[in-house]
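As structure tokens, the structure follows; a few thoughts come after it.
The values are calculated or read from the model by the stated rules, or taken from the named source; none is laboratory data. All values reported here derive from a predicted model rather than from experimental measurement. Please note: Cβ atoms are built from the backbone with ideal geometry, for glycine as well, and neighbour counts cover all protein chains shown. Calculation scope for accessible area: heavy atoms of the full protein, side chains included, ligands and nucleic acids excluded. Shrake-Rupley method; radii C 1.70, N 1.55, O 1.52, S 1.80 Å.
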Amino acid sequence: MRHAVFRLFSREPLHDPTAAPDAGARHEVKTTTCYMCACRCGIRVHLRDGELRYIDGNPNHPLNKGVICAKGSAGIMKQRSPARLTQPLLRKAGSERGAGDFEPISWDRALEILTTRLAKIRASDPKQFALFTGRDQMQALTSLFARQFGTPNYAAHGGFCSVNMAAGMIYTIGGSFWEFGGPDLARAKLFVMVGTAEDHHSNPLKIAIADFKRRGGRFVSINPVRTGYSAIADEWIAIRPGTDGALFLALLHELIANGLVDRAFLKRFTNAPQLVVLDAGEREGMFAHDPDPAKGPPGDGRHPHNKLVFDGASQTIVAAYPEGVAEGVDAALEGRYALADGTRVAPAFALLRERVAGCTPEWAETITGIPAARIRALARELGETALHEAFELPIAWTDAWGKRHPTTQARPVAFHAMRGVAAHSNGFQTVRALAVLMSVLGTIDAPGGFRHKAPYPRHIVPNFRAFNSPDMIRPDTPLNAAPLGFPANPDELAIEDDGTPMRIDHAFSWQAPLSAHGLMHTVVRNATRGDPYRLDTLLLFMANMAWNSTMNTVEVREMLNRRSADGEHAIPFLVVCDAFRSETVEFADLVLPDTTYLERHDVMSILDRPISEFDGPADSVRVPVVPPLGECRPFQDVLVELASRLKLPAFTTAAGERKFSDYADFVVRYETAPGIGFLMGWRGENGDEHLRGAPNPDQWRKYADNDCVFHLRLPESMHYMRNWNREYLDFAKEKGWRQKNDVVQLCIYSDTLQTFRLAAEGKTPGRRPPPHLRERIATHFDPLPFWSPPLEDAFVDRARYPLAAITQRPMAMYHSWDSQNAWLRQIHSHNYLFAHPSAAAAAGVVDGAWCWVESRWGRVRCLLRTSEAVEPGTVWTWNAIGKADGAWQLAPGADEARKGFLLNHLITDELPGDAGPVSNSDPVTGQAGWYDVRVRLVPCAAGEAETTSPRLFARGER
Ligand code: SF4
């Protein structure tokens, strides 16, 4: 390795393709899984005498089929990066956090320090330990560790990434995009992509789009910026950020007004015909239900079977199931009815129609900037393609009520959406609107539409309840529920009796009741404030919280170093585990050097985020292809080691001995239930059982021999309509993916949301939000989708700040991971702010000039480029190219620090509230409102420095 690093800086080329092959060398090709971004492509790593030569795509891999991107190929330079951490580091006594003044220590000492500290916390108050992780792929392990430790203070990056996309879709259709489902471009005729950056689902989606376009499919991209996917779309529709919900509601208005909805689908497979109580009171806005307690409790979205519908054929009210779906029954979608006791009711669909009645294309034009005529034409195109260009596949299947369908109905309109739609404080209801739009077109798990990937669909609401009682947090005791889950009603919130949040990030409190992925972006501030309590130890893994993973970066860096009156840090002990010397590492008290993805075992597990395909479950692994550099140790091994030293029950035998030697051993032997473990393939004593089976110690070898992938193709009869597919639902339950084999009806109308609204309105007994949050909950927990401006709009003068500012990841870099990569730095060493020529001209800034971009919350000096490929009211930049000077071992004054800039300085992490500041997040899920900031452009004064500002230094201000 020393030799390789030396050569990296020599003039001698690393690889001379014209040279004769070195016949005496040992050449090897090992397969594993890429981790230069989160897409999990299969790769082949080529080695000579054990040294990395190059990386290419694995043609046998189901996801990328041999395709590799610039990042994937550049993995070799990640391995050789000078920014690698190579040994544990301890902050020198008396040095400031942020100064990066460390002494190297041994692993024994690092583990002893950590074990002693954690054992003390666990024996007294386990919630004083918090574990938050970045864009990792091992949440099945990290969440198990937190739960076994007994702390609720655990989450990964989802709360500041795309939890609105996950929760909005899962609470509506039981699944979501990317790992959980996606567009069936093999059969679609029209593909509509909304708010998706160009690296998202990267190679697999690009392969699918290429095939789709070759077949003559039409691709429409809706995005404020015309780069990446939008650049190759047949049509780009420019939209103002944060307004997608208004567009979706206008499309719903047009589709419903023109009868372009799949009525048969809505009646049988959604809750559209179910009757909603209209009378004021405790049951207002909830579904009317059969009072028989055996058919399930009221007000719980997990019990769809006890609801009622009006049968137009018999003119009577009948049980939604099975009577409502019996032959000859015509469940009404419209009208007003009365129950036997006089209660007034209406089908949910009638309420949806009324909701969107005023959402005309003209209304949406004023919000989105898209001409009304274009919205009308798009609605017509969507409806006509879904309904009039539909076809049937000769695949018979049986639905949950026993009806045999001789064919499978295709609806060839596919959508894909992601963070551009989600990362707004109005994102949850926007995503709900999209999911309802997809549902009225009948495209859910239909050929050519949206398709689930195992283990989805989940129940609505999924049967994962987060911990919800302070009694669950006990010394030396695991939590008896997972730290994260999906609340179905206020009783499932993690709050004290007086409404105080129980988690440090305030997840599952009245501030963000459905925060299924936690709120990592609030942790540093809340812990510093002691709100609701102080932490002792914060362990961050792969999370750059002192830079791009946080809003209001300058203040967060100050908070990381803030001291209480007693002189102790407000966050007393900060542990950072990373493979590279990021900005956050400099603030750590203890640094744990992680391995790269080429040096360790990893699992893309069915218990977490597998790589399942539409036709069946798939998981994959990483195996070490080179030895760890220096003293690097996989974080997974460190967790298993800590868990063993702390004697956490799942990691300890009855005799008190450690159960697992390391992570690799843990993966093949640990079971969550009999026969169910982290890996699905080659289970059982002989390795011939799949999905469920006894542990197989030989499992890693089987994966290594099979391109590191296990993929089980299910029979065609289980490929579609899985929310209602009896054969699939039974299979999924048997394999442990679901607790029940119940049908998953689509939630056009969400009675789950209504339970929170009723509590806020004081109409139900039990838990109620504190007074200052009641109106917020009552507004945003609307059971029908609606559009409202992002929360930040209420505090910003739009005339003063006329532009929206957004970021996206470039194709060639992933978050802040790649500025240490010598090859990728040649593509992006700094970023520009891109503005429409009209916006630049209005501000008096010219192309290529330095200028200020200012929000109410801060100002940044940056280089501006004009571009026609952006909506005129929007400016944008690449995320996280800008770096603190000296971070990631970049040379002092490197482009990244001098010319690159971070838009985060303009974004506030809190907004004013009636009873003090509230997080700048979606009120439903806590999703960070990254893309809500309003800005203006200001020319630089003559003679101003031509460098970015604020200019921060990795190891303290100079
Ligand atoms: S898209 Fe590129 S970086 Fe991402 S996993 Fe695939 S090859 Fe690796």
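Listing for the model above:
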| read-out | value |
| --- | --- |
| Of all residues in the stretch 41-53 being outside any strand (DSSP E or B) and over 12 Å from CYS69 (Cα atoms), the one that is farthest from the ligand (Cβ to nearest atom) | ASP49 |
| Residue, farthest from the ligand (Cβ to nearest atom), within the stretch 57-76, restricted to residues that are out of contact with any Asp or Glu (no Cβ under 9 Å at 6 or more places or on another chain) and not in a loop (DSSP other than H, G, I, E, B) | ILE76 |
| Subset of the stretch 688-700 (residues that are out of contact with any strand residue (DSSP E or B) (no Cβ under 9 Å at 6 or more places or on another chain) and under 19 Å from GLY736 (Cβ atoms)) | ASP688 |
| Residue in the stretch 814-828 that is open to solvent by less than 10 Å² (accessible area, probe 1.4 Å), in contact (Cβ under 8 Å) with a residue 12 or more places away in the chain and closer than 19 Å to THR243 by Cβ present | no |
| Some residue of the stretch 204-213 being of a type outside the set (A, V, I, L, M, F, W, C) and open to solvent by less than 10 Å² (accessible area, probe 1.4 Å) | no |
| Residue list for the stretch 23-40, restricted to those being basic (Lys, Arg), more than 9 Å from the ligand (Cβ to nearest atom) and crowded, with 16+ Cβ neighbours inside 10 Å | LYS30 |
| Residues of the stretch 765-811 classified as in contact with a Phe, Trp or Tyr (Cβ under 9 Å, 6 or more places away or on another chain), within 16 Å of the ligand (Cβ to nearest atom) and among the hydrophobic types (A, V, I, L, M, F, W, C), total | 0 |
| Test: residue in the stretch 112-130 that is within 16 Å of the ligand (Cβ to nearest atom) and either of a type outside the set (A, V, I, L, M, F, W, C) or in contact with a Phe, Trp or Tyr (Cβ under 8 Å, 6 or more places away or on another chain) (or both) | no |
| Qualifying position, being open to solvent by 30 Å² or more (accessible area, probe 1.4 Å), touching a helix residue (DSSP H, G or I) at 6+ places or on another chain (Cβ under 9 Å) and not in a loop (DSSP other than H, G, I, E, B), among VAL603, VAL554, VAL524 | VAL554 |
| Residue match in the stretch 135-151 (condition: small (Gly, Ala, Ser) and within 16 Å of the ligand (Cβ to nearest atom)) | no |
| Wholly enclosed helices (runs of 4 or more DSSP H) of the stretch 677-771 bearing at least 3 residues in contact (Cβ under 8 Å) with a residue 60 or more places away in the chain and under 30 Å from MET286 (Cβ atoms) | 726-734, 751-760 |
| Qualifying residues in the stretch 84-98 (those that are among the aliphatic types (A, V, I, L, M) and part of a loop (DSSP other than H, G, I, E, B)) - the one nearest to the chain's Cα centre (by Cα) | LEU85 |
| Some residue of the stretch 249-259 being crowded, with 20+ Cβ neighbours inside 10 Å and touching a strand residue (DSSP E or B) at 6+ places or on another chain (Cβ under 8 Å) | no |
| Residue match in the stretch 225-232 (condition: within 16 Å of the ligand (Cβ to nearest atom) and either modelled with pLDDT of 95 or more or part of a strand (DSSP E or B) (or both)) | no |
| Meets criteria (crowded, with 20+ Cβ neighbours inside 10 Å, within 32 Å of the chain's Cα centre (by Cα) and over 30 Å from ALA804 (Cα atoms)) for ALA320 | no |
| Hits in the stretch 896-924 - residues which are crowded, with 19+ Cβ neighbours inside 10 Å and outside any loop (DSSP other than H, G, I, E, B) | GLU896, ALA897, ARG898, LEU903, ASN904, HIS905, LEU906, LEU911, VAL918, SER919, SER921 |
| Tally, over the stretch 263-284, of residues that are surrounded by fewer than 24 Cβ atoms within 10 Å (Cβ to Cβ) and either on the phi > 0 side of the Ramachandran plot or assigned to a loop (DSSP other than H, G, I, E, B) (or both) | 7 |
| Complete set of residues in the stretch 925-958 that are under 15 Å from HIS521 (Cα atoms) and open to solvent by 50 Å² or more (accessible area, probe 1.4 Å) | none |
| Test: residue in the stretch 726-741 that is modelled with pLDDT under 95, within 27 Å of the chain's Cα centre (by Cα) and within 26 Å of GLY448 (Cβ to Cβ) | yes |
| Count of the stretch 474-485 residues which are open to solvent by less than 30 Å² (accessible area, probe 1.4 Å) and out of contact with any strand residue (DSSP E or B) (no Cβ under 7 Å at 6 or more places or on another chain) | 1 |
| Output for the stretch 79-100, where each listed residue is free of Cβ contacts under 8 Å to residues at least 12 places away in the same chain and open to solvent by 20 Å² or more (accessible area, probe 1.4 Å) | LYS92, ALA93, GLY94 |
| Within the stretch 101-118, tally of residues that are open to solvent by less than 30 Å² (accessible area, probe 1.4 Å) and in a loop (DSSP other than H, G, I, E, B) | 1 |
| Unmet requirement for LYS883, which otherwise passes all of (1) under 26 Å from the mean Cα position of the chain (by Cα); (2) farther than 27 Å from LEU85 by Cα; (3) open to solvent by less than 30 Å² (accessible area, probe 1.4 Å) | (2) |
| Matching residues in the stretch 154-212 - criterion: being away from the ligand (no atom under 16 Å from the Cβ) and among the acidic types (Asp, Glu) | ASP184, ASP211 |
| Residue in the stretch 466-478 that is within 29 Å of GLY181 (Cβ to Cβ) and outside any loop (DSSP other than H, G, I, E, B) present | yes |
| One residue from ALA654, ALA643, ALA694, ALA664 being crowded, with 21+ Cβ neighbours inside 10 Å, farther than 17 Å from ALA110 by Cα and at pLDDT 95 or above | ALA664 |
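Yes or no, residue by residue, for (1) assigned to a loop (DSSP other than H, G, I, E, B); (2) among the β-branched types (Val, Ile, Thr):
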{"position": "ALA197", "(1), (2)": "yes, no"}
{"position": "ILE209", "(1), (2)": "no, yes"}
{"position": "PHE212", "(1), (2)": "no, no"}
{"position": "GLY216", "(1), (2)": "yes, no"}
{"position": "PHE219", "(1), (2)": "no, no"}
{"position": "PRO241", "(1), (2)": "yes, no"}
{"position": "LEU252", "(1), (2)": "no, no"}
